[in-house]
Amino acid sequence: MDKMKRLSNGIEMPRLGLGVWRVEEQDARNSVRWAIEAGYQLIDTAAIYKNEKGVGEGIRQSGIQREKLFVTTKLWNADQGYDSAHQAFNDSLERLGLETVDLYLIHWPVKGKFKDSWRAMEEIYESGRAKAIGVSNFQKHHIEELLTTAKIKPMVNQIELHPTLTQVDLRNYLAKENIAVEAWSPLGQGKILQHPTLIELGKKHQKSAAQVIIRWHLQSDIIVIPKSVHEERIQENFDVFDFTLSEDEMALIDGLNINERLGADPDNFDF
Ligand code: NDP
């Protein structure tokens, strides 16, 4: 399997990365360094995670060349709007200690604001300081609304997606629009790792349930960013390129869907 996915603008994005939501600054530094040592090239943070500084320190401590790494951060809701988005982006770069990010995302579709935010994102993209831009938690109708004024189509939509929330309709729409799908909470925040089907499949392949789920995302053409603060788990989650789930096994995991959201509903959030 190709470890990189080509986005609609030609940029290559790693298909598997590390997420750092609910990771303290100090832990973010270590997790990022361990991940890079294990071969990860994609790191997913956000202004609201309050660990961009730690992420930047982890990157520098690892000694990796900047161009080998793909760093994503996100525009928080309170900063949405044209001027504030520009300011928030500059602040993120400063905290990260980077001159560019590889992907900048609108974190949530804040009503009445996300189109103005997008105008700023387009300018940031055109300035070269974000190699790609995209959205997160956008439903089909949010994207349709954005596209009424957008000059540039989002390259990525990062959405809640795991075996118990497979989002098939939204994924089909995004595929049609050539917008890459990235899964957040890909392991169901760890809550689905005890599922007997996943454990059974893991035994068959001598892999853990977490590895089976990550492999399912990859084979479904979904970019995936599992989070862990433990070095062994960070390594384990990257050790998924030496086995293949059969079509039947993929279908078995697809069948676990119960449309269960663990996070907020993008049509009804209050933050
Ligand atoms: P995940 O689905 O990645 O699950 C993380 C949980 O699983 C943690 O409790 C972790 O524990 C545990 N875990 C990880 N690997 C293993 C393993 N191999 N074996 C056993 N347990 C394991 O949850 P997240 O919600 O963190 O989602 C991933 C990333 O997605 C976030 O970190 C963030 O970057 C992004 N995200 C984006 C959102 C958005 O609105 N755009 C919203 C939510 C998340 P431990 O750390 O203790 O190892």
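The values are calculated or read from the model by the stated rules, or taken from the named source; none is laboratory data. Since the structure is predicted, the reported quantities are computational estimates derived from the model, not experimental observations. Ideal geometry is used to build each Cβ from the backbone, glycine not excepted, and the neighbour counts take in all protein chains shown. Areas reflect the complete protein model, heavy atoms only, side chains present, ligands, DNA and RNA absent. Shrake-Rupley method; radii C 1.70, N 1.55, O 1.52, S 1.80 Å.
Tell me which residues, restricted to region 178-197, are of a type in the set (A, V, I, L, M) and near the ligand (Cβ under 8 Å from one of its atoms). Give the steps one after another, and end with the answer.
Filtering region 178-197 for residues of a type in the set (A, V, I, L, M) gives 179-181, 183, 187, 192-193.
Within region 178-197, Ala183, Leu187, Leu193 meet the criteria.
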**Prompt:** Among the residues of region 165-197, which ones are farther than 26 Å from Ile234 by Cβ, of a type outside the set (Lys, Arg) and open to solvent by 50 Å² or more (accessible area, probe 1.4 Å)?
**Reply:** Val168, Asp169, Asn172, Ala175, Asn178
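Looking at region 156-180, which of its residues are among the charged types (D, E, K, R) and either more than 16 Å from Ile213 (Cβ to Cβ) or over 12 Å from the mean Cα position of the chain (by Cα) (or both)?
So in region 156-180, the residues among the charged types (D, E, K, R) come out as 160, 169, 171, 176-177.
Scanning region 156-180 gives Asp169, Arg171, Lys176, Glu177.
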**Message:** Are there helices (runs of 4 or more DSSP H) fully within region 13-96 with at least 3 residues that are within 29 Å of Trp216 (Cα to Cα) and within 14 Å of the chain's Cα centre (by Cα)? List them.
**Reply:** none
**Request:** Just name the residue that is nearest to Asp83 (Cα to Cα) out of those in region 117-143 that are part of a helix (DSSP H, G or I) and more than 20 Å from the chain's Cα centre (by Cα).
**Result:** Ala120
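Yes/no per residue for (1) open to solvent by 10 Å² or more (accessible area, probe 1.4 Å); (2) within 12 Å of the ligand (Cβ to nearest atom); (3) closer than 14 Å to Leu96 by Cβ:
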site: Asn9; (1), (2), (3): yes, no, no
site: Val20; (1), (2), (3): no, yes, yes
site: Ala28; (1), (2), (3): no, yes, yes
site: Ser31; (1), (2), (3): no, yes, no
site: Thr45; (1), (2), (3): no, yes, yes
site: Asn51; (1), (2), (3): no, yes, yes
site: Val55; (1), (2), (3): no, yes, yes
site: Arg60; (1), (2), (3): yes, no, yes
**Fill in**
Of the candidates Ile234, Ile199, the one satisfying the condition of being among the β-branched types (Val, Ile, Thr), assigned to a helix (DSSP H, G or I), more than 30 Å from Gln139 (Cβ to Cβ) and without any contact (Cβ under 8 Å) to a residue 40 or more places away in the chain is Ile199
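Residues checked against (1) more than 8 Å from the ligand (Cβ to nearest atom); (2) among the aliphatic types (A, V, I, L, M):
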{"residue": "Thr148", "(1), (2)": "yes, no"}
{"residue": "His162", "(1), (2)": "no, no"}
{"residue": "Leu165", "(1), (2)": "yes, yes"}
{"residue": "Ala175", "(1), (2)": "yes, yes"}
{"residue": "Ile199", "(1), (2)": "yes, yes"}
{"residue": "Val212", "(1), (2)": "yes, yes"}
**Request:** Quickly run through region 60-88 and pick out the residues that are farther than 25 Å from Gln26 by Cβ and either of a type in the set (Phe, Trp, Tyr) or at pLDDT below 95 (or both).
**Result:** Tyr82
**Request:** Considering (1) farther than 20 Å from Ala251 by Cβ; (2) open to solvent by 40 Å² or more (accessible area, probe 1.4 Å); (3) touching a residue at least 12 places away in the same chain (Cβ under 8 Å); (4) not aliphatic (A, V, I, L, M), say which one Ser127 fails and leave the rest.
**Result:** (3)
**Request:** Please enumerate the residues belonging to region 86-124 that are among the polar types (S, T, N, Q), closer than 27 Å to Gln61 by Cβ and open to solvent by less than 50 Å² (accessible area, probe 1.4 Å).
**Result:** Ser92, Thr100
**Asked** Among the candidates His86, His107, which residue alone is touching a residue at least 24 places away in the same chain (Cβ under 8 Å) and within 16 Å of the ligand (Cβ to nearest atom)?
**Response** His107
**Request:** Kindly indicate whether any position in region 240-248 is away from the ligand (no atom under 15 Å from the Cβ), of a type outside the set (Phe, Trp, Tyr), modelled with pLDDT of 95 or more and in contact with a Lys or Arg (Cβ under 7 Å, 6 or more places away or on another chain).
**Result:** yes
